[in-house]
1. Looking only at residues that are touching a helix residue (DSSP H, G or I) at 6+ places or on another chain (Cβ under 7 Å) and not in a loop (DSSP other than H, G, I, E, B) in region B:39-56, which one is surrounded by the fewest Cβ atoms within 10 Å (Cβ to Cβ)?
2. Do we have any residue at all in region B:237-253 that's assigned to a helix (DSSP H, G or I), surrounded by fewer than 20 Cβ atoms within 10 Å (Cβ to Cβ), modelled with pLDDT of 85 or more and among the β-branched types (Val, Ile, Thr)?
3. Is it the case, given these coordinates, that residue B:147 is under 24 Å from residue B:181 (Cβ atoms), under 19 Å from the mean Cα position of the chain (by Cα) and either touching a residue at least 40 places away in the same chain (Cβ under 8 Å) or not assigned by TED's automatic domain parsing to the domain that holds residue B:210 (or both)?
4. Of these, A:211, A:153, which one is surrounded by fewer than 17 Cβ atoms within 10 Å (Cβ to Cβ) and over 30 Å from residue A:77 (Cβ atoms)?
5. Determine whether region B:305-320 contains at least one residue that is in contact with a Gly (Cβ under 8 Å, 6 or more places away or on another chain) and away from every other protein chain (no Cβ under 14 Å).
6. Examine region A:175-182 for a residue that is in the same structural domain as residue A:32 (by TED's automatic domain parsing), surrounded by 24 or more Cβ atoms within 10 Å (Cβ to Cβ) and touching a residue at least 60 places away in the same chain (Cβ under 8 Å), and state whether such a residue exists.
7. Given (1) surrounded by 12 or more Cβ atoms within 10 Å (Cβ to Cβ); (2) free of Cβ contacts under 8 Å to residues at least 12 places away in the same chain; (3) among the charged types (D, E, K, R), identify the lone condition not met by residue A:293.
8. Examine region A:104-120 for a residue that is at the interface with chain B (Cβ under 10 Å from one of its Cβ atoms) and either in a loop (DSSP other than H, G, I, E, B) or under 20 Å from residue A:177 (Cα atoms) (or both), and state whether such a residue exists.
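The values are calculated or read from the model by the stated rules, or taken from the named source; none is laboratory data. Given the structure is predicted, the values throughout are model-derived calculations rather than measurements. Quick reminder, even Gly has a Cβ in these numbers, built from the backbone with ideal geometry, and neighbours come from all protein chains shown.
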Amino acid sequence: MSENLLEIKNIDVTFKTRHGILKAIDNLSLSVNKGEILGLVGESGAGKSMTGAAILGLIDPPGRLSSGQIWYKGQRIDQAPETIRGHEISMIFQDPLVSLNPLRRIGDQLVETILTHMPITKYEAIERARKGLEEVGIDPERINAYPHTFSGGMRQRVVIALALAPEPALIIADEPTTALDVSVQAQILDLLKRLCRERGTSIILVTHDMGVIAETTDRVGVLYAGRLAEIGDTRDILTNPKHPYTKGLVASTPRIDASSFDKTLYQISGSMPKLDAMPCGCAFHPRCEFVLDKCRSDIPSIIANRAACWLLDKEESLL
Amino acid sequence: MLIIILRRLGQSILVLFLVALISFLIFRFVGNPVDNLMGQEATLAQRAALEEALGLNDALYKQYFDFVWRAIHFDFGNSYRGALPVAELIASRLPATLELALTSALFAMVFGVITGIYTAIKRGGFIANLILSTSLIGVSLPTFLIGVLLIWLFAVELRWLPSFGRGEVVTLGWWTTGFLTVSGLKSLILPSITLGLYQLTLIMRLTRSEMLEVLRQDYVRFAKALGLSNRQVHFNHALPNTLVPVITIAGLQLGSIVAFAIITESVFQWPGVGLLFINAVYFVDIPVMSAYLLLVGVLFVFINLLVDLLYLAIDPRLRDSQLNGEG
């Protein structure tokens with residue numbers, strides 16, 4: 001597709017440990033279109049955050065991107081990710097309480113970021129910083145305040161202002177609302193969504209919350225044990241999930257409506273395999289209700305541009 | 001800000017009263033000063049007269065307040081040896097010790113922080129590992145041995161630097177300085193290295209571990225994600241956060257540098273208060289000893305106060321919590 005902003009091709013992220021080499025991300029491919037919001041959902045340790053870190057080259061050693069390619073605007077970036085950080089792709093982290101340098105005024109941090117990427121004077125940078133704060137709903141008069149004088153939600157607003165300041169085309173938001181009060185979560189998500197839509201900025205939204213996915217994203221990728229289980233338009237995935245794991249995820253999300261009021265919430269039995277004890281074949285097969293013989297021996301790849309599941313293969317061949 | 005300083009000052013004064021109490025008690029109870037002053041030939045009447053003159057018959061609290069009152073006026077009595085006023089003795093020796101301590105503290109701080117940062121940033125690199133393993137020597141060798149080794153190499157074998165004394169000094173008022181003459185500066189080198197080496201390795205290791213810790217923090221990753229250069233990330237974001245604990249330790253170490261100076265001053269025959277103290281111990285010269293104790297106490301308290309204020313200057317969070325009276 002010509003619209004592709006970012007394309008991840010068959011990447012592996014591996015960790016060298018005493019117990020051998022562990023794969024945190026296994027042969028992952030996905031793409032982000034211009035202006036879209038792509039959700040990445042999965043359990044803890046499924047590789048969601050690691051994918052974001054891999055794009056920006058922020059994987060901490062001993063982990064590393066051991067194979068595959070990452071392309072951005074037609075250029076390969078996985079070998080020099082520092083060249084695109086900030087002004088092309090920037091990132092928002094989970095916990096706003098520790099995302100800002102506690103010893104420096106928020107204005108200093110904004111101006112520093114702006115001046116790093118733009119050939120403008122300090123005075124202009126300060127003006128931009130004030131405007132940036134205003135856009136995220138923070139009184140620009142507080143430009144000289146220190147991070148500890150803000151609440152968590154306000155700090156995340158400052159973080160958003162910082163991430164947007166260099167005018168990136170893509171923002172990776174790694175669970176941007178997980179650490180916040182429920183009442184603030186929606187505000188922050190709306191703000192992020194609105195500002196990005198205005199600018200045509202794409203977002204990769206990493207979350208474990210299907211509710212957030214439903215409200216915010218255009219497309220969603222479901223990750224399981226470092227592999228992509230299913231990907232597609234958010235509406236399709238939520239209404240007609242193909243992969244048994246996605247089905248489980250959707251079914252286990254609480255709804256507030258009369259029909260489901262006194263039903264017990266669905267639960268996927270078992271738990272995700274540890275990286276050093278991955279089963280053969282499909283990683284989900286020990287928990288899958290529809291397991292086939294083939295699932296135990298062969299790893300499925302994405303079938304019909306949708307899900308990595310042998311069931312789809314069966315469906316296709318029946319057609 | 002002024003309120004914080006005043007509050008800290010009040011605490012410091014309380015601590016100083018306690019230090020004064022200890023050095024007073026030493027003066028009063030370690031041996032009988034009358035014995036020390038008069039010797040065995042004195043008659044009972046002479047002894048009684050001296051006891052009265054020294055105020056030893058007064059109530060203890062009165063003696064203590066007398067002691068403090070005189071100490072505030074820099075009157076520590078006369079040295080038993082040579083009968084010179086202790087205050088004069090110490091004042092004439094103090095510049096030597098302070099110059100030595102300051103030089104070695106500066107040496108330790110500058111090189112400690114630089115090598116600490118380097119070994120943290122270039123973690124696992126060849127030179128970083130080399131520095132780290134060499135630093136083990138600094139930690140494990142005793143001060144006097146380092147001093148003797150340095151003397152042997154640079155004074156005896158190579159004959160580059162003098163092995164003892166301060167060299168030529170210039171008198172500025174009551175202060176004598178070795179900073180202004182070539183021989184004075186040359187004489188400073190070996191003792192400063194000897195005195196500072198342990199602190200240097202300590203500060204280096206502390207800086208390194210703090211820096212590694214800070215580099216793992218989210219705000220450092222965020223700064224990287226925003227496209228700031230390594231230089232900006234390391235020096236604008238990581239370094240200030242690293243320095244907060246380093247300054248505390250380094251400040252406290254400055255106090256112990258003055259205390260440790262006793263050994264270095266002995267090895268290099270450095271004419272400072274440390275050497276004065278060692279000699280006072282040989283001759284049970286109690287006024288000198290108690291004045292030295294008080295001096296070191298004052299120094300520690302003063303440095304602590306300075307460190308606290310530096311802390312407040314660096315960390316805005318502390319500043320606010322102190323003003324709100326939580327501190």
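1. B:46
2. Looking for residues that are assigned to a helix (DSSP H, G or I), surrounded by fewer than 20 Cβ atoms within 10 Å (Cβ to Cβ), modelled with pLDDT of 85 or more and among the β-branched types (Val, Ile, Thr), one finds none in region B:237-253, hence no.
3. Details: under 24 Å from residue B:181 (Cβ atoms): yes; under 19 Å from the mean Cα position of the chain (by Cα): yes; either touching a residue at least 40 places away in the same chain (Cβ under 8 Å) or not assigned by TED's automatic domain parsing to the domain that holds residue B:210 (or both): yes.
Yes: the conditions hold for residue B:147.
4. Working: A:153 fails: surrounded by fewer than 17 Cβ atoms within 10 Å (Cβ to Cβ).
The unique qualifying residue is A:211.
5. Step one: of region B:305-320, the residues in contact with a Gly (Cβ under 8 Å, 6 or more places away or on another chain) are B:306-307, B:310, B:318.
Those still in the list that are away from every other protein chain (no Cβ under 14 Å) too: B:306-307.
Yes, region B:305-320 contains at least one residue that is in contact with a Gly (Cβ under 8 Å, 6 or more places away or on another chain) and away from every other protein chain (no Cβ under 14 Å).
6. Yes, that holds for at least one residue.
7. (1)
8. Yes, region A:104-120 contains at least one residue that is at the interface with chain B (Cβ under 10 Å from one of its Cβ atoms) and either in a loop (DSSP other than H, G, I, E, B) or under 20 Å from residue A:177 (Cα atoms) (or both).
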